[in-house]
Each structure stands twice: as C-alpha cells, then as structure tokens.
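Reading through the structure tokens given below for one structure.
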Amino acid sequence: MDRLSRLLEAALFAASRPVTLDELRRLDPEAGAQDLQAGLTALRLRYDEGGHGIELAELADGWQILTRPELAEALAQAHLVDRPRKLSTAAMETLALIAYRQPVGRAEIEEVRGVAADGVLRLLQERGLVGVVGRGEGLGRPLQYGTTPLFLELLGLKALDGLPRVDELAVELTPPAAETPEGA
C-alpha cells in the first residue's frame, strides 16, 4: 500500500464522522483529486475483496470507515458500540416531512401534521438532524428548515436523492377484502 493510501486509511480510521475530499486533500497537498480518488478506490477494494469486517463508505459528502451492516447487530448485542437514541413517532414524522419537502417552514409542518411542531423542531435541531436553511418569502419571513449532513450520515446516504421515492413508500390503508366462502 502506498503512502497516500496509508494516510487516507489512518485519517478515516481516526475520524468519527465522514471526512470530505477537501479535508483529505490536506493530508498531502501535492496529491491531486485523481490521486485521492484512486487511493480511496484502492482502499475500498482492499476492504471489499479482503473479507474485512469494515468497509469504506461514501456518505454525507464525505468518506468514512464503517462496520459492515451484517456485523453491526453482533457488536450492538455485545455492547461494544453506542446506539443513537431513538426518535419518537412525532419526531420521525416531522423529520420525514422536512427531508422530502425541504426547505419547509414550521407553519407547513404544522398544517400537514395537524399539531404544533415547536418542541419537535427544537429536539431535531438539538440532535443535529435539521437546521435553519433560510427564510421564507411570506409574512414575517418565517424560518425554513432542512436536513443536515448528520441526517445523511445516520441514514447512510451520500445525498438526499438516495431517499426512497414517495411513491415507493405508499401504504395501502384499506383492509383486505373479506374472503367469501365458495358457493355463497
């Protein structure tokens, strides 16, 4: 393994979050974007082909070394990793609404959900999952909310276009038709 690949591996191993290409470029200012990309690709292949318990993932505008998904549950059961705190149903609904409609204002969130959103928005901001991304054009120029890179990181996504399409999420809410006995 060459020096640049070793530097990349060490930096990604030490980081607790995805590291951007700009940050990785600081490791070796003489390395170009193609060199970095080649080093990351070589590292990814090494982990994939070597049967390692870790993988190199591109997510949230950066790169991170992660435990392979099929091994994560065993680590969690052995209490070797901290699991993120779960979100309430209200927080998940609000987060999904923001993810799919961003930028979105509090009034629109409340209109869709039918309840006040102040507390849930505050919680999601405290956890770093959403943030203020601008101001609306309406009366009082209301705050507009959007998701953060941490949101992408926790979902294991590179970008928002990795979210499932809304039509893929449709759930049939009507009960199945009752079966009638033959000859009735």
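Can you give the extra length, in nm with one decimal, that the chain gains between L21 and T67 once fully stretched, where that is 0.36 nm per residue apart less the Cα-Cα distance? Spell out each step's value before the answer.
Numbers: separation 46, 0.36 × 46 = 16.56 nm, distance 2.09 nm.
Once the chain is fully extended between L21 and T67, it gains 14.5 nm.
Applying the Karplus relation 6.51 cos²θ - 1.76 cosθ + 1.60 with θ = phi - 60° to region 57-64 yields 3J(HN,Hα) values of 10, 9, 8, 6, 6, x, 10, 8 Hz, where x marks Gly and Pro. Considering helices alone, the calculated mean residue ellipticity of the chain at 222 nm is -13000 deg cm²/dmol, with DSSP H runs of length four and up weighted by -39500 (n - 2.57) and normalised per residue. All other residues whose Cβ lies under 15 angstrom from that of A159 are scored, Lys and Arg at +1 and Asp and Glu at -1, for a net of -2. Each residue of region 137-147 is assigned a 3J(HN,Hα), and the resulting list reads 8, x, 4, x, 6, x, 5, 10, 10, x, 7 Hz, derived from the Karplus form 6.51 cos²θ - 1.76 cosθ + 1.60 (θ = phi - 60°), x at Gly and Pro. In plain terms, the chain from E55 to L7 could stretch by 15.6 nm, reckoned as 0.36 nm per residue minus the Cα-Cα distance. When the Gaussian network model of the chain links Cα atoms closer than 10 Å, the mean-square fluctuations of G114, G131, G140 top out at G140. Calculated from the structure at hand, Cα Rg over 2.2 N^0.38 Å is found among (1) 1.07; (2) 1.12; (3) 1.37 as (3).
Read-outs throughout are calculated quantities, based only on the coordinates presented, and are distinct from any laboratory measurement. This structure is a prediction, so every number in the text was calculated from the model and none was measured. As a convention, Cβ positions derive from the backbone with ideal geometry for all residues, glycine included, and neighbour counts pool all protein chains shown.
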